[in-house]
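The values are calculated or read from the model by the stated rules, or taken from the named source; none is laboratory data. Computed from a predicted model, the values in this text were never measured in an experiment. Don't worry about glycine lacking a Cβ; one is built from the backbone with ideal geometry, like all the others, and counts go over all protein chains shown.
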Amino acid sequence: MKVSINHVQKSTGMIRKTTHHGVAVNVEFNSEELAVIQERQLENDIVLERGYPSDMSDAQIEKHANKGLGSKLLKAAVSGRDSLNFNLTVTKLMKGEDVYFLGTPVEAKEYEEAVKGGLVNLKGWIVANAEVEQETASFEL
């Protein structure tokens, strides 16, 4: 697993410019890791739970929260089930770069540390799922 993390910035707003600080995560899985992920169906595992990104307006947040069942099903069918929430999942990492925006540089640094911790846990989970115990254990009670 090869990981690259970059910090990016973007500004929104015409009159009142707001700077959003993003963390771009790109993970390249090797063929063994991809095989384990697909074999053990780890694609939907959550690496990191996260809320709404800071670059979403209040109107967009409300619109997302109030989506009807039909539009949720349509979006899930077109973009994948993973697109209905903002959590960082294995599927999002497999698709390519994931950029998540936060309000301040401090929050971006804290998020980066949380992502690193989540990726360490993910690597351990993949390794643990790849190995199957060949020995039988016997013990006396």
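Keeping to the range 34-48, report how many residues are within 12 Å of the chain's Cα centre (by Cα) and either within 16 Å of VAL120 (Cβ to Cβ) or among the small types (Gly, Ala, Ser) (or both). Don't jump to the end; show me each part of the working.
We begin by selecting, within the range 34-48, every residue within 12 Å of the chain's Cα centre (by Cα); these are 43-48.
Pick out the ones that are also either within 16 Å of VAL120 (Cβ to Cβ) or among the small types (Gly, Ala, Ser) (or both) and you get 45-48.
Within the range 34-48, residues that are within 12 Å of the chain's Cα centre (by Cα) and either within 16 Å of VAL120 (Cβ to Cβ) or among the small types (Gly, Ala, Ser) (or both) number 4.
Among the residues making up the range 88-117, those that are in contact (Cβ under 8 Å) with a residue 12 or more places away in the chain, farther than 16 Å from THR19 by Cβ and either surrounded by fewer than 15 Cβ atoms within 10 Å (Cβ to Cβ) or touching a His at 6+ places or on another chain (Cβ under 9 Å) (or both) are GLY96, GLU97, GLU112, LYS116.
Taking helices (runs of 4 or more DSSP H) that do not extend beyond the range 1-103, which have at least 1 residues that are among the acidic types (Asp, Glu) and at pLDDT 80 or above? Give the steps one after another, and end with the answer.
Working: elements: 31-39, 58-65, 69-79, 90-95.
So the answer is 31-39.
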